[in-house]
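Written out below as structure tokens is the structure these notes cover.
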Amino acid sequence: QCQLSGLWRNEQDSLMEISALRDNGDFHGKYLTRVTLAGGCAHASPLKGAQQQPGEGGWPTFAFTVCWDKFSNATTAFAGQCFVDAGGKETLTTMWLLREAVGSLEEDWKATR
């Protein structure tokens, strides 16, 4: 069984700390990113999410959002799955979608990455 709660590090050296999961799968935590839109220092931002309980023998899927309110007017949504390899190493695989605020509807085309 993959345990989503705990401290995670990604290939960009950002850190994510996820609290213990509630019985309904909800969780919260902090995301300390080393990558910023402004190119500045690392900042911790709150995250909120939920894990879908897997079926028998399956690996859990999850989703969470991070609001980068301390240094950027942007929000990122992550969706992924947790796996454990034969050696017991846990790995999270995710895709993300970042939405940055823009000043007008005409600029909407450049707001999502």
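Counting only protein heavy atoms and using a 1.4 Å probe, the accessible area of Val102 comes to about 50 Å².
Return, ordered by residue number, the residues of region 1-19 whose backbone nitrogen is under 19 Å from a label point located 7 Å along Cα→Cβ of Thr94. Answer for region 1-19: 2-19. Counting only protein heavy atoms and using a 1.4 Å probe, the accessible area of Trp96 comes to about 140 Å². Matching the structure-derived semi-axes √(5λ) of the Cα gyration tensor in Å against the labelled list (i) 23, 17, 13; (ii) 25, 17, 11; (iii) 28, 15, 13 gives the label (iii).
Rounded to the nearest 20 debye, what is the charge dipole size of the chain about its Cα centre when +1 sits on each Lys and Arg Cβ and -1 on each Asp and Glu Cβ? Numbers along the way, then the final one.
Numbers: 10 positive and 13 negative charges, 46 e Å.
Value, rounded to 20: 220 debye.
The values are calculated or read from the model by the stated rules, or taken from the named source; none is laboratory data. Just so it is clear, the structure is predicted and the values come from calculations on it, not from any experiment. So basically every Cβ, Gly included, is an ideal-geometry build from the backbone, and we count neighbours across all protein chains shown. Quick note on the areas: whole protein, heavy atoms, side chains included, nothing else; ligands and nucleic acids left out. Shrake-Rupley method; radii C 1.70, N 1.55, O 1.52, S 1.80 Å.
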